[in-house]
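Reviewing the structure listed below.
The values are calculated or read from the model by the stated rules, or taken from the named source; none is laboratory data. These numbers come from a predicted model, not from an experiment. Please note: Cβ atoms are built from the backbone with ideal geometry, for glycine as well, and neighbour counts cover all protein chains shown. When the accessible area is computed, the model is the full protein with side chains, heavy atoms only, and any ligands, DNA or RNA have been set aside. Shrake-Rupley method; radii C 1.70, N 1.55, O 1.52, S 1.80 Å.
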Amino acid sequence: MPDVQHLALKRPTGWSTPSDRGLGTPHRASLDDGLVHLTWPDHPGVQELQQGGRPVGWIEEYDVQRGTWTALIDSSLIANAASGEPLRCPNAEGALAPLRRALGEHLTSW
């Protein structure tokens with residue numbers, strides 16, 4: 001992913017958070033910034049971050065054929081503010097970085 005100076009949220013997609021999709025019991029891992037990282041063994045294409053027991057954002061495979069991932073907050077794709085293009089990353093780890101950055105910048109509607 002190229003260096004992006006400013007992040008923005010696009011219009012809501014209507015997609016629901018992974019924890020609201022009935023994917024089963026997730027694996028949970030605490031992160032150093034107070035976030036909890038949820039993954040679902042049977043659904044490797046989605047991951048979620050929670051804080052205080054509630055979802056604050058998630059990542060998901062954007063284009064399975066191309067192997068790209070994107071990050072969302074409040075059902076809105078995180079985008080490059082200058083171009084309006086959603087950020088696409090080649091892997092899950094890459095998509096977690098802009099999500100955590102957006103959360104750190106308080107790029108939410110809450």
* To do: Quickly run through segment 73-94 and pick out the residues that are within 16 Å of Lys10 (Cα to Cα), open to solvent by less than 30 Å² (accessible area, probe 1.4 Å) and out of contact with any helix residue (DSSP H, G or I) (no Cβ under 8 Å at 6 or more places or on another chain).
  => Ser75, Ser76, Leu77, Ala79, Gly84, Pro86
* From the residues in segment 56-72 that are in contact with a Pro (Cβ under 8 Å, 6 or more places away or on another chain), in a strand (DSSP E or B) and open to solvent by less than 40 Å² (accessible area, probe 1.4 Å), which one is nearest to Thr17 (Cα to Cα)? -> Trp58
* Structure fact -> Asp63 meets each of (1) at pLDDT 95 or above; (2) over 12 Å from the mean Cα position of the chain (by Cα) with one exception, condition (1)
* For segment 20-34, does any single residue satisfy the condition of being within 13 Å of the chain's Cα centre (by Cα), surrounded by 12 or more Cβ atoms within 10 Å (Cβ to Cβ) and not hydroxyl-bearing (Ser, Thr, Tyr)? -> no
* Structure fact -> For segment 98-107 the number of residues that are surrounded by fewer than 21 Cβ atoms within 10 Å (Cβ to Cβ) and either among the polar types (S, T, N, Q) or over 18 Å from Pro18 (Cα atoms) (or both) is 5
